[in-house]
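First up is the structure itself, then whatever we jot down about it.
The values are calculated or read from the model by the stated rules, or taken from the named source; none is laboratory data. Note that the coordinates shown come from a computational prediction; the quantities given were computed from them, not determined experimentally. No Cβ is skipped: glycine too gets one built from the backbone with ideal geometry, and neighbour counts run over all protein chains shown.
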Amino acid sequence: MSHESISVFDMFKIGVGPSSSHTLGPWRAAQQFTASLQQKNTLQHVKSITVLLYGSLAKTGIGHGTDIAVQLGLCGDDPVTFDVNKITPKIAAIKTSQKLVLAGNHQINFNPIEDIQFLFGEALPYHPNALTFLVKLNNEDTFAETYYSIGGGFVLKEGGEADKKDDVTLPFPTNTADELLHWCRKTGMSISEIVLENENTWHTENETKEGVLKIWDTMAACIYRGCHTQGILPGGLNVKRRANALNNRLTIGNQYTDYNSWLQVIKNGGSDFKYILDWVSCFALAVNEENASFGRVVTAPTNGAAGVIPAVLQYYIAFCKGSNNEKIIQFLLTASEVGSIFKKGATISAAMGGCQAEIGVSSAMAAAALTECMGGTQRQALMAAEIAMEHHLGLTCDPIGGLVQIPCIERNTMGAIKAITASQLALQSTPDFAKVSLDGVIKTMWDTALDMNSKYKETADGGLAINIPLSLSEC
């Protein structure tokens, strides 16, 4: 059986909100497309480009900023480094001038209203998240390239070559939880140690650890920023940010100047159950309010579910004495491996599987990671992941107005709390008596995804999206 090779840095990608599949993926697809033009030596000969958005990308594209992401990608901007404060003025300038500088060095006429087409009634068979770039050259020749955003910021080009990561041979190749457990038993290593050994295929150990800590730094900065920003989220739903007010109530009477002093204030607040519960919710709200505002976040494994893992890891750091780099690395390595198993055995795309594929997977990842860091065995960690997903099975994706706000933001708080509960259950249980395996729940999740009505898969065509009588100004 062939094994798909997925790195921790594939599961955790630094990018821009609000959606990994509808924002980051199309952004990356546009970057890949311009790189393809450069490889063909046709970039300077491009006269015009039309972008066709299909399926879920069309139906929720405005709310997810797909059109914005495509324009920035065509301009050659990088979602990892581009200043999020410059997104609005840059998009406004393109709209006003009707000019776009392709890959940063070739200007073409581009009217976003006409040249980005939302094909609401059309879908391509391979995946609901599809986009096609139609190119006309100066000599009037035309051609097209199609890309699929398959969840978590992963992108596939139609007819393109397989990811080069699949060409490598990992010391511990893993597609399933049973295979992972086999390697753990054979070597005596923990899940995070298995992952670290596999990462040595691509990076040195120091590079991996530094990269993982950079991921956490980005997550932590996002939590802190979200806890200290107030206002109304963009998009027309007029959703008020809540993390800032909650943070202010929880820290009242205390002073701090930065993340570290803020963290100390949190730790000094005690260990009352309600206090901890409020903070976990606050951490998750903060991340996903930033995500909804085109802020810098980390796919974990997606943008829509970006708050669960940071919230649980921040909980571990603040309340479980986990504030050291080795524990943070251990947490994120373990989480990434569980996420990769879900991607291989099912999906991490809400357009394919509903919200069980995003919040459910992120909760399972966080549960396993917390369990290992709390001293649980490999089997208990996988049991925790199973418990978390088992109680997300069938969760639909029905965003109001196509925005990653309702019910998405609150769902991250629920996913975080479920992860902590699942971990506690696993730590107090004996896996020998478990009736459901992680592989069994992953298969069930995929079967459920296949059975799920398409209107509940990130289309805004069903559920809350059609039953909440809200007047939207932009959606």
Can you name the residue in the range 246-275 that is without any contact (Cβ under 8 Å) to a residue 60 or more places away in the chain and among the aliphatic types (A, V, I, L, M) and, of all such residues, is surrounded by the fewest Cβ atoms within 10 Å (Cβ to Cβ)? I252
Among the listed residues I266, I191, which satisfies the condition of being in contact with a helix residue (DSSP H, G or I) (Cβ under 9 Å, 6 or more places away or on another chain) and under 27 Å from V84 (Cβ atoms)? I266
Subset of the range 89-109 [exposed (fewer than 14 other Cβ atoms within 10 Å of the Cβ) and either in contact (Cβ under 8 Å) with a residue 40 or more places away in the chain or assigned by TED's automatic domain parsing to the domain that holds K214 (or both)]: N105, N109
Can you find a residue that is in the same structural domain as G235 (by TED's automatic domain parsing), under 20 Å from D217 (Cβ atoms) and of a type outside the set (S, T, Y) anywhere in the range 335-355? yes
Give just the number: which of (1) surrounded by 16 or more Cβ atoms within 10 Å (Cβ to Cβ); (2) over 29 Å from T444 (Cα atoms) does E207 not satisfy? (1)
Check whether at least one residue in the range 372-381 is in a helix (DSSP H, G or I), in contact with a Phe, Trp or Tyr (Cβ under 7 Å, 6 or more places away or on another chain) and closer than 19 Å to V8 by Cβ, and report yes or no. yes
Failed item in (1) touching a Ser or Thr at 6+ places or on another chain (Cβ under 7 Å); (2) at pLDDT 95 or above; (3) hydrophobic (A, V, I, L, M, F, W, C); (4) in a helix (DSSP H, G or I), with L52 passing the rest: (4)
Is there any pair with a first residue in the range 122-145 that is free of Cβ contacts under 8 Å to residues at least 40 places away in the same chain and a second that is in a strand (DSSP E or B) whose Cβ atoms are under 6 Å apart and which are 6 or more apart or on different chains, and what are they? Y126/Y148; T142/K136; F143/V135; A144/T132; A144/L134
Of the residues in the range 280-295, those that are in a helix (DSSP H, G or I) and either surrounded by fewer than 18 Cβ atoms within 10 Å (Cβ to Cβ) or touching a Gly at 6+ places or on another chain (Cβ under 8 Å) (or both) come to F283, A284, L285, A286, V287, N288, E289, E290, N291, A292
The condition of being at pLDDT 95 or above and over 22 Å from the mean Cα position of the chain (by Cα) holds, among G231, G159, G236, G211, only for G231
Look at the range 195-227 and say how many of its residues are in contact with a Ser or Thr (Cβ under 7 Å, 6 or more places away or on another chain) and aliphatic (A, V, I, L, M). 2
Looking only at the range 400-449, count how many residues are outside any helix (DSSP H, G or I) and either crowded, with 20+ Cβ neighbours inside 10 Å or touching a Lys or Arg at 6+ places or on another chain (Cβ under 8 Å) (or both). 5
Going by what's in this entry, would G63 be described as touching a Leu at 6+ places or on another chain (Cβ under 6 Å), modelled with pLDDT under 95, part of a strand (DSSP E or B) and buried (at least 18 other Cβ atoms within 10 Å of the Cβ)? no
Members of the range 10-36 found to be touching a helix residue (DSSP H, G or I) at 6+ places or on another chain (Cβ under 6 Å), surrounded by fewer than 23 Cβ atoms within 10 Å (Cβ to Cβ) and not polar (S, T, N, Q), listed by number: I14
Looking for something surrounded by fewer than 16 Cβ atoms within 10 Å (Cβ to Cβ), under 21 Å from S20 (Cβ atoms), within 25 Å of the chain's Cα centre (by Cα) and among the hydrophobic types (A, V, I, L, M, F, W, C) - is there at least one such residue anywhere in the range 123-135? no
Which residue out of K267, K214, K209, K186 is basic (K, R) and more than 28 Å from M11 (Cα to Cα)? K267
For the condition of a type in the set (V, I, T) and more than 22 Å from F283 (Cβ to Cβ), what is the one hit in I215, I194? I194
Which of the strands (runs of 3 or more DSSP E) contained wholly in the range 95-200 include at least 1 residues that are among the hydrophobic types (A, V, I, L, M, F, W, C) and touching a His at 6+ places or on another chain (Cβ under 6 Å)? 129-137, 142-151
